[in-house]
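Data first, discussion second: the structure below is written as structure tokens.
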Amino acid sequence: MGVRTTIAIYAPDEASASTAANLAFLRIAELDQALSDWLVDSETNRLCELAGLGAVPIGRDLAFALETSLGVAAASEGLFDPTIGPLVRQWRAMRSSGRLANAEELASARALVGWRLVELDAPNQRAALPLRGMRLDFGGIGKGLAAQAALDRLRELGFESALVALAGDVAVGAPPPGARGWTVSVPSVVDARGTPAVLLLAHAAISTSGDADQFVELGGKRYAHIVDPRTGIGALAPRTATVVAPRGELADALATALALADDATARRLVERFPATAAVLVDREGVQTTLDPSNTLRWRD
């Protein structure tokens, strides 16, 4: 996936750990081949090329990614939208050229975006994108999904105590021996001492989304790398959202949506998912914690 990947495993010997790690990396590569919008021959790109031509068979991984994405899209009222591909492509061109698209160009791309348009038969692994030119983009869920899939593979192999991190998306299993959880630093959140907070995680995942590290200035305005489906361009005033959830794909997708949500929407969204919490940080550094299930465990 072109991102820094770390795998940590507690195993009886180095040889078994190495073999398991290689299989976990292979699982990540499988997800990349299924979901990438950069790989020309990915399954996602093949489906997009068939947009407007009716339902076609899709693989298990793409079906799961679509089903999960559409669920979060519905819960977030479209703040997370896997059909945002045309707008993402247009935003990349804007960032490259330094010129914002005009109203007509934006309207043309936005007409091809809409999660409700996707026709998915997940049990039978078939899907259709009804409009020619529709494009899927799993950038807001892909890393969390891949980290979780790799962790699931390690668990299947008998390695319960493991961690998989793809850049800022981390999924963990059982705690290390003798520990209450894996220690995961959260740079976007500060503790009472003003230092980066540290979470204790077990059987959970964490993801952070926002413009703290990735943004661009155009026309004297600062835009986030996250494209807002409502406007078609990079978000102007997003916050940084850190989400802890039971699984990586959920943490990643919710972090994307919460970076764009207002306070009321953010609270409703977090409350919809059990064992899920979020810490939101605005550009002034004000932190808001949403933890209705008492999920967060901070290290002292």
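FYI, it's all coordinate maths here, none of it is from the lab. Since this is a predicted model, take the numbers as computed values, not measurements. Don't worry about glycine lacking a Cβ; one is built from the backbone with ideal geometry, like all the others, and counts go over all protein chains shown.
Here are the numbers:
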item: Lys, Arg +1 and Asp, Glu -1 on Cβ, resulting dipole of segment 54-98 about Cα centre, debye, nearest 20; result: 280 debye
item: Over the chain, relative contact order from alpha-carbon pairs under 8 Å, at least 6 apart, %; result: 18 percent
item: Segment ALA275-SER185, extension gain: residue separation times 0.36 nm, minus the distance between their alpha carbons; result: 30.4 nm
item: Per-selection Kirkwood Rh - the chain (Cα, Å, 1 d.p.); result: 19.8 Å
item: Dipole-positive endmost among ALA103, VAL118, ALA241 within the chain (Cβ charges, Cα centre); result: ALA103
item: Relative contact order %, segment 175-290, counting alpha carbon pairs below 8 Å whose residues are six or more apart; result: 21 percent
item: Debye intensity ratio in log₁₀ form over the Cα atoms of segment 6-108, taken at each q of 0.22 Å⁻¹; result: -1.21
item: Net length gained if the chain between LEU26 and ALA74 were fully extended (0.36 nm per residue, minus Cα distance); result: 14.1 nm
item: Stretch gain in nm, segment VAL198-ARG299, where the contour uses 0.36 nm per residue and the Cα spacing is subtracted; result: 35.8 nm
item: Cβ charges +1 (Lys, Arg) and -1 (Asp, Glu), total dipole of segment 175-290, debye; result: 180 debye
item: Inter-probe distance in nm under a simple model that places probes 7 Å from Cα toward Cβ, at ARG155 and GLN33; result: 2.4 nm
item: Segment 175-290 - Kirkwood radius from inverse mean 1/r over Cα pairs (Å); result: 14.9 Å
